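Please treat every number below as a calculation from the coordinates, not as lab data. Here the structure is a predicted model, which means the values were calculated and not measured. Reconstructed Cβ throughout: ideal geometry from the backbone, glycine too, with neighbour counts over all protein chains shown.
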Amino acid sequence: MLENIVKHLDKVRKVGNEYRACCPVHDDNSPSMTLTEKDGKVLAYCFACGANGFDVVKALGLSVNEIFDRQMSSQEAKERKLRDTDIEDKFIISMFEKGEEAGERFSHKDYRRYRLAIYRQDLLTQMGENYGRQNSYIQKAG
Ligand SMILES: [Zn+2]
């Protein structure tokens, strides 16, 4: 499925298990977009305009299903969506850390995304702790 998307893009270059390519969402001359595949989902991020996988399939006129490994039930989709934020945030955080090591410069918009990702990761951790507490309470009560 990643290949299905990548074949529509320009100046594609494979770097490890990631692809670099021109972003189809904005007028891109040098590859600003990074694409990779994780847990059955295509992850994409454009460092120039902030586009993600959903923006890419929309811009290419492809189905949203192209970024998932198969069609999902609505319940699965809901659970997936919750997990996606987590996967995407981790992806953005790792992109930034790699970029910073390589001495790349980031825009204010990118930094905002990065901070938001970290904020959401913190929230998720807190939610996970609360969920655990609730469960142990229910077990005691039952
Ligand atoms: Zn872009």
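Modelled spin-label separation between Val12 and Glu66, with each label point placed 7 Å from Cα along the Cα-to-Cβ direction: 1.1 nm.
Taking 18 Å as the straight-line reach from the Cα of Lys11, the aspartates and glutamates in range (excluding those fewer than 8 positions away in the same chain) are Glu3, Asp27, Asp28. Using a cut-off of 19 Å between Cα atoms, the listed pairs Lys58/Lys98; Lys14/Lys38; Lys58/Lys109; Lys7/Lys58; Lys41/Lys109 include Lys58/Lys98; Lys58/Lys109; Lys41/Lys109 as exceeding that distance.
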